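For reference, the structure discussed in these notes is given below.
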Amino acid sequence: MEKSMRKTVVSGIRSTGKLHLGNYFGALRNFVKMQHDQQCYFFIADYHSLTTHPDPKALHGNVRQILAEYLAAGIDPEAATIYVQSDVPQVAELSLLLSMHAYIGELERTASFKDKVRKNPENVNAGLLTYPVLMAADILLHRADFVPVGKDQEQHLELTRRFARRFNTIYGVEYFPESVPYNFGQDLVKIPGLDGSGKMGKSEGNGIYLSDPDDVIRKKVMRAVTDAGPQEPNSPISEPIANIFTIMNAVSEQSTIDFFKEKYATCEIRYGDLKKQLAEDLIKTITPIRERIEAIAADDAYLHKVTREGAERARESADKTLREVREIMGIHHF
Ligand code: TRP
């Protein structure tokens, strides 16, 4: 796409480590597709993860892991700007400036904040309260048009738009855009878990990870919930079995899927065979990615280069925004 027609896309990835199949077929593959058509900024939100006071060593390991996983999955640092949030401390300044127009009441009413307070009443720190302000700063730092995020982030995006509008109104400028969530529509593949119902998720504890070795994948698949089997020809497919087929749709050949659907329809299906096939097809998809993850995670020089160049490009865009915001707010003294 012509450079001038490109939209700016920003998405932050929490550095909590380990991507699963749902992340891969849901978000990640679409990031890879859009990186060539839009001006994309993908960053690892390590400042955000500090709200839960991670062990410093663990934090560093997680940032490295997630970076390696994104690169292994096909994010191209030449096409997209990939960086670590804390390498661009300008975001902290923008967050401070935006916080002057963010009201305690609206921050306290945010669902994610209330949730955290309920779950960890002993750690209600100020960073937790201003989490949405920092997130707005991430997005507005590059004046993003689109923000590809899951449903759970929509309230944060609403706040981002509210802060942007408020800023524009107070200073009488049309400066910040209204950044809208980007959902991939038809391209969004939802990967279910193998525990009978619901989606695959980290918190659901049912993830098959891109870093899982072959035998772990086999074990996880063999444990998948099934049912008593079709009792009569052409019976409808129950949810646990439909979930297995949904995952097959993402990783298996059409002829394989047709074969097992036919066996199901004629009541000849053996779930053991179905699972074995799924495990092998998953392994075929995941093994090359896992090998790339391991190679990249061990390549310090490459990780340094990627993050240094990414930070440079991100800082350029950040500097421009801060220069303009300071000007608008009257912070340009001598
Ligand atoms: N809050 C997001 C999450 O939990 C991560 C995030 C931080 C983010 N800053 C962002 C997402 C900016 C999109 C844009 O997943």
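The values are calculated or read from the model by the stated rules, or taken from the named source; none is laboratory data. Remember, it's a predicted structure, so these values are computed and weren't measured experimentally. Quick reminder, even Gly has a Cβ in these numbers, built from the backbone with ideal geometry, and neighbours come from all protein chains shown. What goes into the accessible areas is simple: the full protein's heavy atoms, side chains included, and nothing from ligands, DNA or RNA. Shrake-Rupley method; radii C 1.70, N 1.55, O 1.52, S 1.80 Å.
Overview of values
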| read-out | value |
| --- | --- |
| Cβ-defined net charge surrounding M200, 13 Å radius [Lys, Arg +1; Asp, Glu -1] | +2 |
| Contact order relative to length of segment 214-293, as percent, for alpha carbon pairs under 8 angstrom and 6 or more apart | 45 percent |
| Size of charge dipole - the chain - debye, nearest 20, with Cβ of Lys, Arg +1 and Asp, Glu -1, no other charges | 500 debye |
| Positive-end residue, the chain charge dipole about Cα centroid, Cβ charges, pick of I247, S49, L21 | S49 |
| Unit charges on C-beta of K, R, D, E only; dipole of segment 94-227, Debye | 240 debye |
| Distance cut-off 28 Å, percentage of C-alpha pairs in the chain lying past it | 49 percent |
| Degrees, to the nearest 10: 90-99 long Cα axis against longest axis of the chain | 70 degrees |
| Across K190/K261; K33/K199; K7/K284; K190/K276, pairs whose alpha-carbon gap is larger than 25 Å | K7/K284 |
| For segment 73-82, Karplus couplings with θ = phi - 60° (6.51, -1.76, 1.60), whole Hz, Gly/Pro x | 7, x, 5, 9, x, 7, 8, 9, 8, 10 |
| Net charge of neighbours whose Cβ lies under 11 Å from the Cβ of E253, counting Lys and Arg as +1 and Asp and Glu as -1 | -1 |
| Heavy atoms of T169: accessible area, 1.4 Å probe, square angstrom to 10 | 110 Å² |
| Charge sum, other residues only, whose C-beta stays under 13 Å from S99's C-beta, Lys/Arg counted +1 and Asp/Glu -1 | -1 |
| Mean separation of Cα contacts under 8 Å (6+ apart) over length of the chain, as relative contact order % | 23 percent |
| Distance cut-off 17 Å, percentage of C-alpha pairs in segment 190-282 lying past it | 46 percent |
| Relative contact order %, segment 1-95, counting alpha carbon pairs below 8 Å whose residues are six or more apart | 39 percent |
| In segment 83-176, the trypsin sites (Lys or Arg not before Pro) that fall in loop regions by DSSP, at most 15 other Cβ within 10 Å | R109 |
| Exposure rank, largest accessible area first [K219, K261; 1.4 Å] | K219, K261 |
